[in-house]
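Participant: Sending over a structure as structure tokens; questions will come in a sec.
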Amino acid sequence: MPEPSHKELAERADWARRHRARFLKKNQPLVGIQTAQQATEKEATEPPPYAELHCLTHFSFQRGASSPEELVRRAWALGYTALAITDECSVAGVVRAWSAHKVCARAPEPGDAFDDELSAVRAARRAAGVSAPLQLLFGSEFRFDGQGTLVAIARDLHSWGDLCSFITACRRAAPKGHHALPPLAQALAALRRCALLWAPAKEGSKAIDSIADCALQTSVSGPFDSKITLLAELHGGADDALWLAQLRALSAATGWPLAAAGDVHMHVRARKRLHDVMTAIRVGQPVHACGFALQANAERHLRPRERLAAVYPPDLLAATLAVAARCAFELDEIQYNYPEEAVIEGLTPTETLAQLTREGAAWRFPKGVPPRIQGFIDKELALIEECRYEMFFLTVHDIVRWARGQGILCQGRGSAANSVVCYCLGITAADPEKSNPLLERFISKARQNEPPDIDVDFEHERREQVIQYIYRKYGRSRAALSATVICYRRRSALRDVGRALGVDERLIDAFAKDHHWFDDGLAAHRLGDLAATVGAAITPALASLWLQLTEQLRGAPRHLSQHVGGFVLTETPLHRLVPLENAAMEGDPVQWADPDAEGEAPASAHAICPELERWLPPRPRCGKSSSGTRTTSTRWA
């Protein structure tokens, strides 16, 4: 066969180039399809988004084993879309959760010195491929014996008010520290504006019928979103598959969506031992005798999304996002309205304060107000008006005026001694002519988020008369004492953990007495000698566990008490802002505590919900005289 000529070779090469170009052009879409498939495969390997809708903090006393801060940081690190804080008949943990959320969500600024844990939390969320911040939801759970658990999450400010009012009603219906729930139909009616989630009890065979009947009754009595979301809470039980099938059947029969939930009690699996100890403390038995009161495993923690994807079907995980999307309430929507009883008719609060200050100045300085003092007055009144604190001064003045009219000894103290206005109003007795008042110590424009603190001491024998005057003037629905959080310190933690672990009572008593609140740490080196002294045996493993769990429990809330005189007053019903509960004496405490008074305090009238009080403005404090306990006492349990 003759060899091809140069012309034929050139024609063949040209044909090959054209054919190759046509082939590549024709098959280019195949490359695109390949890329889309790869992208789909990549998406399939990524964990699905998830919103945890049922989570307890350690403010569900002796049930939750993790702090709100720990739970928020863990959820942030795991790449959760949302986290609902739902303590039992309480919203006590939401402020600390919200504060932790703000820290995590704030963009880093030059010069920030974040701790290593926070840096790791942010890095973990970025590594999970989640750029959006965690959404924080605010709600509460209510356990109906034999039926199930109702979880209510605030959707807006109105539903938040409904939630606080419902908790108040439940708390007021029971002795201090307890609550009593109404029938389920009434609960659904009261909370109908909230996002309602229902976790049926496995042992409650009548729960399905009861929840359907309640929805029917409520829809007849008023507007009600009957699309309650059913919660499937699977924790590795042998009957999980059967229970999920039953829940799907219930969802199909009622038309209610079914969503996943964790019934979270701790932020990590490792907290299970502490949770067992807290359960033992709650039931009053050592851990080995608690039996079925203990959780069967450690699955009630914030699980990684990969683990959740292996437990729950995709549609149940997606349903959690739909619930979170319906809840847009933010805690900073709460607006406070100060009561205006102390305002002179026909005048504004600013004009009333100025008039009372002028009258007081004429009383304090009968020969005329010195120019230097007048300068202090003018400066302070202008600053008070700018910061909108007039009503606070007027309220304290009214209480002090009434007390003095009754012959009750009283006097303001603390940084208020730097206020010339307080001196003119008769609240304090520090003569500015004989001192050099430093107004900025008391009130400053730069510290508008740190309102002034006026502590007034009343003679302790007649202090209750002052408290009752405030209740009569403002009413039980608009006045309450703030609460204090009683927290574990080393001595109380050593005793409770020791009893839960079955340590010899003699050794518990001796070792606890060997510690004081101001000690830097546990005196572990003396434990062996003390055991020999009292004749009690303890193994090294038990001793190590005792010390370890004591440190974990230290600082956790133990229960709520009442501030000895820190009042919160409102123009609108207080129970629409924060929950109230009964106190040891006649009255209603607010379920939010004074963050400056975490410790032991004698029981008195009302108390306010722990931590939420930071959202409220400055309050008058009715302390005891110098012969009694001061309101700022921070003695711990």
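Participant: Consider only pairs whose beta carbons are under 7 Å apart and that are at least six residues apart or on different chains; among these, list those whose first residue lies in region 272-296 and is outside the structural domain of VAL497 (by the TED database) and more than 18 Å from TYR488 (Cβ to Cβ) and whose second residue is β-branched (Val, Ile, Thr) and open to solvent by 30 Å² or more (accessible area, probe 1.4 Å).
Facilitator: The qualifying pairs are CYS290/VAL283; ALA293/VAL283.
Participant: Give the residues of region 435-464 that are under 27 Å from GLY405 (Cβ atoms) and open to solvent by 80 Å² or more (accessible area, probe 1.4 Å), sorted by residue number.
Facilitator: The answer is GLU461, and nothing else.
Participant: Among the residues in region 519-527, are any crowded, with 18+ Cβ neighbours inside 10 Å and farther than 21 Å from LYS272 by Cα?
Facilitator: Yes: one or more hits.
This table checks each residue for (1) under 29 Å from LEU425 (Cβ atoms); (2) touching a Lys or Arg at 6+ places or on another chain (Cβ under 8 Å).
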{"residue": "PRO314", "(1), (2)": "no, no"}
{"residue": "ALA318", "(1), (2)": "no, no"}
{"residue": "ARG326", "(1), (2)": "no, yes"}
{"residue": "GLU333", "(1), (2)": "no, no"}
{"residue": "VAL369", "(1), (2)": "yes, no"}
{"residue": "PHE376", "(1), (2)": "yes, no"}
{"residue": "GLU380", "(1), (2)": "yes, no"}
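Participant: Looking at region 397-443 only, could you name the residues that are of a type in the set (Val, Ile, Thr) and not in a helix (DSSP H, G or I)?
Facilitator: Once the filter is applied, which keeps residues that are of a type in the set (Val, Ile, Thr) and not in a helix (DSSP H, G or I), region 397-443 yields ILE408, ILE427, THR428, ILE443.
Participant: Taking the stated definitions as given, is LYS367 farther than 30 Å from GLN135 by Cα, assigned to a loop (DSSP other than H, G, I, E, B) and either among the basic types (Lys, Arg) or not assigned by the TED database to the domain that holds SER444 (or both)?
Facilitator: Yes: the conditions hold for LYS367.
Participant: Check whether at least one residue in region 236-258 is more than 23 Å from the chain's Cα centre (by Cα), open to solvent by less than 50 Å² (accessible area, probe 1.4 Å) and closer than 30 Å to VAL503 by Cβ, and report yes or no.
Facilitator: no
Participant: Determine whether ALA493 is more than 30 Å from LEU409 (Cβ to Cβ) and open to solvent by less than 50 Å² (accessible area, probe 1.4 Å).
Facilitator: For ALA493, the condition - more than 30 Å from LEU409 (Cβ to Cβ) and open to solvent by less than 50 Å² (accessible area, probe 1.4 Å) - is met.
Participant: Suppose we filter LEU317, LEU331, LEU308, LEU356 for residues that are aliphatic (A, V, I, L, M) and within 17 Å of MET391 (Cα to Cα); which single one remains?
Facilitator: It is LEU356.
Participant: Hey, another quick one. In the list ARG404, ARG499, ARG413, which residue meets the criterion of being touching a strand residue (DSSP E or B) at 6+ places or on another chain (Cβ under 6 Å) and open to solvent by 20 Å² or more (accessible area, probe 1.4 Å)?
Facilitator: Answer to the check: ARG413.
Participant: What residue, among those in region 465-503 that are polar (S, T, N, Q) and not in a helix (DSSP H, G or I), is farthest from LEU522 (Cα to Cα)?
Facilitator: SER477
Participant: Please find, among LEU356, LEU383, LEU394, the residue that is modelled with pLDDT of 95 or more, assigned to a helix (DSSP H, G or I) and in the same structural domain as PHE458 (by the TED database).
Facilitator: After applying the criteria, what remains is LEU356.
Participant: Please find, within region 89-143, the residue that is modelled with the lowest pLDDT out of those that are among the aromatic types (Phe, Trp, Tyr) and within 24 Å of PHE329 (Cβ to Cβ).
Facilitator: Within region 89-143, the match that is modelled with the lowest pLDDT is TRP98.
Participant: With the condition kept exactly as written, say whether any residue in region 515-524 is modelled with pLDDT of 85 or more and out of contact with any helix residue (DSSP H, G or I) (no Cβ under 6 Å at 6 or more places or on another chain).
Facilitator: No.
Participant: Scan region 164-185 for residues that are among the hydrophobic types (A, V, I, L, M, F, W, C), in contact with a strand residue (DSSP E or B) (Cβ under 8 Å, 6 or more places away or on another chain) and open to solvent by less than 20 Å² (accessible area, probe 1.4 Å) and report the count.
Facilitator: Count: 4.
Participant: Could you tell me whether region 77-94 includes any residue that is in contact with a Pro (Cβ under 9 Å, 6 or more places away or on another chain), open to solvent by 30 Å² or more (accessible area, probe 1.4 Å) and under 21 Å from ILE167 (Cα atoms)?
Facilitator: No - not one qualifying residue is present in region 77-94.
Participant: Considering every residue within region 128-150, establish whether at least one is under 24 Å from ARG576 (Cβ atoms) and of a type in the set (Ser, Thr, Tyr).
Facilitator: There is at least one residue in region 128-150 that is under 24 Å from ARG576 (Cβ atoms) and of a type in the set (Ser, Thr, Tyr).
Participant: Is it fair to say ALA75 is in contact with a Leu (Cβ under 6 Å, 6 or more places away or on another chain), more than 30 Å from ARG193 (Cβ to Cβ), touching a residue at least 40 places away in the same chain (Cβ under 8 Å) and of a type outside the set (Phe, Trp, Tyr)?
Facilitator: So ALA75 does not fit the description; no.
Participant: Just give me the residues in region 305-350 being in a helix (DSSP H, G or I) and open to solvent by less than 30 Å² (accessible area, probe 1.4 Å), in sequence order.
Facilitator: ARG305, LEU308, LEU316, LEU317, ALA319, THR320, VAL323, ALA324, LEU331, listed by residue number.
The values are calculated or read from the model by the stated rules, or taken from the named source; none is laboratory data. Just so it is clear, the structure is predicted and the values come from calculations on it, not from any experiment. Please note: Cβ atoms are built from the backbone with ideal geometry, for glycine as well, and neighbour counts cover all protein chains shown. We work out accessible area using only protein heavy atoms, side chains counted, and drop any ligands, DNA or RNA first. Shrake-Rupley method; radii C 1.70, N 1.55, O 1.52, S 1.80 Å.
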